[in-house]
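The structure appears right after this line, and notes come after that.
The values are calculated or read from the model by the stated rules, or taken from the named source; none is laboratory data. Just so you know, these numbers come straight off a predicted model, no measurement behind them. No Cβ is skipped: glycine too gets one built from the backbone with ideal geometry, and neighbour counts run over all protein chains shown.
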Amino acid sequence: MIELIIGAVLLSLLIYGIFIEPHLMKVRHVKIAQKQNLKIAHFTDTHFAWHTTSRRFKKFARNIANEQPDLIIFSGDLFDKVAWAKNRDWTDLLTILSELKAPLGKFAILGNHDFDDEKSSRFVEEFLEKAGFVLLKNSSVVKDNLSISGVDDWREGRPDFELEPIDATFSLLALHEPDTILDMETIKEFDLILSGHSHGGQIRIGNWRLRNKGSSSADAGLYQLNDRTKLYVNRGIGLTFLPIRFGVPPEIVYYYI
């Protein structure tokens, strides 16, 4: 009898992790500063694949439309496998991403899953650009006295660890793997750093979580790195390795600066 109960509980948890939690949406609002009176939308790690279709992103797109952010940031890992994605029709996804609007624009960086087997990110770069995103690849821009910077992927790309913000009232840096901060030499010049990659562990029970290379220093939520700089690690939307989420539902984050 005990074995049957344990088996039923484990089966229920597995069903929840596969069929329920990955389809949820956690919306977080994080107050960072009172400098610009701006709202920034941040989503990451969509990992579109056979188990995560573009249809799943529609509720996130509707939420962004309702929230009316001033700026949109995507911090990498658009598809789970680029080689697989190249042979599929992504017209619906392109339409959804193209319809995302923000007065100061929408910006993206690359993640480790945005590179194919030949270490090329061209497919994802072209897709994001067609959807209207400005790709920040070791570069910085200024919008409404807000400096927006992005570095290339830490694992698969060639990140510029000396990248500096443009002089502005508030400086934002987007990077994919949280551990990129361990090599960045200009951390103290930024007010807010946005990252993803960890999925919050994707499967998390108490303090235990699945771990991946690149998120040893930080894995979920808000961190104070120094007197000036904050880091937020977004738990992401999609799935990788296993089509399961448990204890870390997909999230979208809005920052107030």
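For the reader, a short list of remarks on this structure follows.
- For the stretch 29-60, the candidate set comprises residues that are more than 22 Å from ASP219 (Cα to Cα) and among the basic types (Lys, Arg); within that set, the residue that is farthest from the chain's Cα centre (by Cα) is LYS35.
- Pairs meeting the criteria (first residue in the stretch 71-89 and surrounded by fewer than 24 Cβ atoms within 10 Å (Cβ to Cβ), second residue hydroxyl-bearing (Ser, Thr, Tyr), beta carbons under 7 Å, at least 6 apart or on different chains) are ASP80/THR240.
Results for (1) among the hydroxyl-bearing types (Ser, Thr, Tyr); (2) over 16 Å from GLY76 (Cα atoms); (3) free of Cβ contacts under 8 Å to residues at least 40 places away in the same chain, shown as yes or no for each residue.
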site	(1), (2), (3)
SER139	yes, no, yes
LYS143	no, yes, no
ASP153	no, no, no
GLU156	no, no, no
ASP160	no, yes, yes
LEU163	no, yes, yes
ASP167	no, yes, yes
PHE170	no, yes, no
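- Check on LEU13, out of contact with any Gly (no Cβ under 6 Å at 6 or more places or on another chain) and not in a loop (DSSP other than H, G, I, E, B): yes
- The stretch 165-185, residues that are surrounded by fewer than 19 Cβ atoms within 10 Å (Cβ to Cβ) and touching a helix residue (DSSP H, G or I) at 6+ places or on another chain (Cβ under 6 Å): none
- Hits in the stretch 11-53 (condition: farther than 24 Å from PHE79 by Cα, of a type outside the set (Lys, Arg) and buried (at least 16 other Cβ atoms within 10 Å of the Cβ)): VAL30, ILE32, GLN36, LEU38
- Note on the stretch 47-85: residues that are modelled with pLDDT of 95 or more, not in a helix (DSSP H, G or I) and not hydrophobic (A, V, I, L, M, F, W, C) amount to 9.
- Filtered by the rule that a residue be crowded, with 21+ Cβ neighbours inside 10 Å and either at pLDDT below 95 or basic (Lys, Arg) (or both), the stretch 129-151 gives no residues.
- Cross-chain or 6+ apart pairs with Cβ under 6 Å, the stretch 192-220 first and under 16 Å from ASN112 (Cβ atoms) and touching a residue at least 40 places away in the same chain (Cβ under 8 Å), then assigned to a helix (DSSP H, G or I) and hydrophobic (A, V, I, L, M, F, W, C): none
- Taking the stretch 105-137 as the range and being aromatic (Phe, Trp, Tyr) and under 13 Å from LEU175 (Cα atoms) as the test, only PHE107 passes.
- Hey, SER149 in contact (Cβ under 8 Å) with a residue 60 or more places away in the chain, in contact with a Pro (Cβ under 7 Å, 6 or more places away or on another chain) and closer than 30 Å to THR95 by Cβ or not: no
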